[in-house]
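Presented below is the structure to which this report refers.
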Amino acid sequence: MTRLYNDPVNFVDEATEGFVAAHAQRVCQVPGGVIRSTRSEPNTVAVVIGGGSGHYPAFAGLVGQGLAHGAVMGNLFASPSAQQVYNVCKAANNGAGVLLSFGNYAGDVLHFGQARERLIREGIPCEIVAVIDDVSSASQDEIHKRRGIAGDLTVFKIAAAAAEAGYSLEEVVRVSRAANFRTRSMGVAFDGCTLPGAKDALFHVPSGKMAVGLGIHGEPGISEQEVPSADALAELLVSHLLEEIPDGIDSARGARVSVLLNGLGSIKYEELFVVYRRVHQLLGDAGLEIVEPEVGELVTSLDMAGASLTLFWLDDELERLWQAPADAPAYRKGSLEAAPPVDRSQLDIPDVDAIPPASEVSIAAARRVYQALSATRKIIDQNVEELGRLDAIAGDGDHGIGMQRGVVAAELAAEDAVSRNAGAGTLLRLAAEAWADRAGGTSGAIWGVMLNALSVTLGDEDEPTPAHYASGISKARDDVMTFGKAKLGDKTLVDALVPFSETLERALAAGDDFSDAWRKAVDAAANAAQATAELKPKLGRARPLAEKSLGTPDPGAVSLSMIVAAVQGVIDRQ
């Protein structure tokens with residue numbers, strides 16, 4: 001268990017403060033994470049990585065010369081917000097664009113994608129490579145759905161070495177994707193991890209058993225079996241990984257690979273070396289040539305008892321980049337001449353508290369948006385237990401409390417924005433940031449994306465018309481489907497959002513006033529939300545329990561239908 005902490009609420013902030021103090025010669029802190037404290041070559045690509053905290057050395061420990069230029073750090077096991085990603089990217093930018101890389105988790109995909117869009121709008125080229133190395137999380141036919149685990153390191157290292165060598169953004173993306181599709185990992189767990197202040201672990205594996213393929217946050221694996229010997233574990237992991245040879249490699253025999261044997265927190269180095277001894281033998285017997293393997297803690301999960309094995313299938317270019325020197329707090333290879341320290345006065349660090357000027361009509365609109373958020377909070381407060389009950393049937397039961405945390409934070413942020421004469425766009429952006437940051441999870445990320453889409457559409461100058469709101473909701477719909485990869489029929493919030501948006505647009509086009517058009521859209525959303533009871537989930541944590549969810553509507557779709565109904569009252573009073 002996690003034993004050493006002060007106030008659990010401050011654990012990540014205090015850990016970050018201590019980390020930066022211990023490694024000031026390599027990293028410095030900026031809002032949202034850390035960047036290199038040494039100068040990078042101007043007009044080179046910046047590689048920014050990130051995800052939830054609790055996985056050290058990932059992500060902050062991998063920032064330094066030859067490795068990442070910055071790391072965005074969310075709360076424990078929670079995606080960083082889009083604003084955090086944006087802040088770190090602005091500070092790390094060297095003038096030739098930014099590559100964002102992270103494990104393929106829904107919240108990260110949404111938030112990093114949202115930040116990418118904002119950077120591009122400001123003229124900063126930005127691309128994304130989400131790591132998909134975990135073979136247990138999806139079949140090869142659905143490789144894009146796989147999550148990222150210890151294979152994060154191979155993709156990060158290749159991207160950063162390419163950037164250091166002066167590759168263009170297009171070329172950094174090319175080699176990063178090549179590394180991504182040539183990386184395969186598989187993990188096992190013997191028990192879960194304990195968050196600071198928690199009385200018990202996030203999950204447990206039955207005594208004497210080992211979960212095969214379990215994710216680093218406790219996501220479902222593929223089986224349970226008796227805890228094996230070290231040699232038997234090596235044989236299990238190697239045999240599974242050799243069943244799937246990446247495209248472009250004709251045979252394992254004669255291929256060159258790097259090997260990562262990763263401890264997840266409680267498995268110690270000596271144990272890993274015992275396992276690696278047999279891994280090395282087995283790969284040699286299969287005819288593979290091993291290049292610069294890594295054994296140790298690379299991507300952890302606090303004190304989780306488990307380990308993972310990664311095979312990184314090399315070609316000449318990838319091997320050269322893998323062997324390139326690096327000097328980060330938790331990962332060093334080869335020899336580098338130390339770069340001079342960065343001049344912090346030259347960094348582009350956003351002022352997160354600034355309120356840009358706004359027109360009087362936009363300030364007035366912001367007050368109405370605040371009223372809509374207040375109505376949203378009230379309806380969620382009234383239904384928090386019911387939303388949790390719906391979610392518990394095939395999920396973890398936290399949808400209600402997550403929505404409540406998010407909307408309370410959003411309302412408080414909006415209230416502060418109103419007091420400082422913010423425009424509608426700025427108020428919505430700050431509310432989006434607060435909702436996503438406080439709620440956590442996929443639903444928090446989705447509501448952050450939707451409010452941010454409205455923010456972009458409304459801006460701080462024009463007086464919002466019904467068409468502006470309809471356009472903003474249309475953008476929210478498209479952004480959620482683009483970043484979150486959900487589509488109609490997947491049993492998600494999208495199943496209510498699409499008919500709501502489309503009905504609103506049609507009614508306004510037909511000449512209905514805003515109140516009547518909104519009411520028709522509310523009815524469409526409510527009917528669609530209830531109809532999700534007949535669907536099976538195809539995305540998210542409910543997917544493994546698809547049969548169990550039949551007969552129960554999706555909680556995300558239900559909460560959306562509740563919220564748009566609550567906003568009706570605000571529209572009617574205008």
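Laboratory data are not the source of any read-out in this text; all were calculated from the coordinates shown. As the structure is a computational prediction, the values presented were derived from the model and not from experiment. So basically every Cβ, Gly included, is an ideal-geometry build from the backbone, and we count neighbours across all protein chains shown.
Under the simplified labelling scheme, the PHE181-ALA21 pair shows an inter-label distance of 4.7 nm, with each label point 7 Å from Cα along Cα→Cβ.
Based on DSSP H segments of at least four residues, each scored -39500 (n - 2.57), the chain has a per-residue ellipticity at 222 nm of -15500 deg cm²/dmol. Exposure proxy ranking for ARG147, ARG573, based on other Cβ atoms within 10 angstrom of each Cβ and starting from the fewest, stands as ARG573, ARG147. Sequentially through region 260-268, phi angles give Karplus couplings (6.51, -1.76, 1.60; θ = phi - 60°) of 10, 9, 10, x, 8, x, 10, 7, 8 Hz, Gly and Pro residues having no value and appearing as x. Looking at the chain alone, DSSP beta bridges between its own residues are antiparallel in about 60 percent of cases. The magnitude of the dipole of the chain, with charges of +1 and -1 set on the Cβ of Lys/Arg and Asp/Glu and taken from the Cα centre, is near 220 debye.
Once R0 is set to 56 Å, what does the formula 1/(1 + (r/R0)^6) return for the Cβ-Cβ distance between SER345 and LEU550, expressed as a FRET efficiency to the nearest 0.05? Approximately 0.40, to the nearest 0.05. Taking square-rooted eigenvalues a ≥ b ≥ c of the alpha carbon gyration tensor, is region 384-473 rounded, prolate or oblate, where a/c under 1.5 means rounded and, failing that, a/b exceeding b/c means prolate? Prolate is the answer for region 384-473, as a/c is 1.5 or above and a/b outweighs b/c.
How do TRP322, TRP447 rank when sorted from fewest to most other Cβ atoms within 10 Å of their own Cβ?
Values: TRP322 19, TRP447 29.
Result, fewest neighbours first: TRP322, TRP447.
Among the helices of the chain (complete DSSP H runs), which have Cα atoms covering no less than 20 Å along the helix axis and a Kyte-Doolittle mean of at least 0.5? Helices meeting the span and hydropathy rule in the chain are 441-458, 494-509, 555-573.
Return HIS204, HIS55 ranked ascending by Cβ neighbour count within 10 Å, so the fewest neighbours appear first.
On the way: HIS204 14, HIS55 28.
By the 10 Å Cβ count, ascending: HIS204, HIS55.
Distance between the 7 Å Cα→Cβ label points at LYS209 and ALA338: 5.2 nm. Need the C-alpha centroid separation for region 1-65 versus region 74-114, integer Å. Region 1-65 and region 74-114 have Cα centres spaced 13 Å from each other. Near the amide H of ARG256, within less than 5 Å, lie the amide hydrogens of GLU289, LEU314, all on another chain or at least 5 residues away, with H placed in the peptide plane.
Close amide H partners of SER53, meaning residues 5 or more places away or on another chain with modelled amide H under 5 Å apart, are GLY74, ASN75, LEU76, PHE77, ALA78.
Around the amide H of GLY397, modelled in the peptide plane, lie the amide H atoms of ALA392, all under 5 Å away and 5 or more residues distant in sequence or on another chain. Derived scalar couplings between HN and Hα for region 286-299 equal 7, x, 8, 9, 8, 10, 6, x, 10, 10, x, 8, 10, 9 Hz in order, rounded to whole Hz, by the Karplus curve 6.51 cos²θ - 1.76 cosθ + 1.60 (θ = phi - 60°), x for Gly and Pro.
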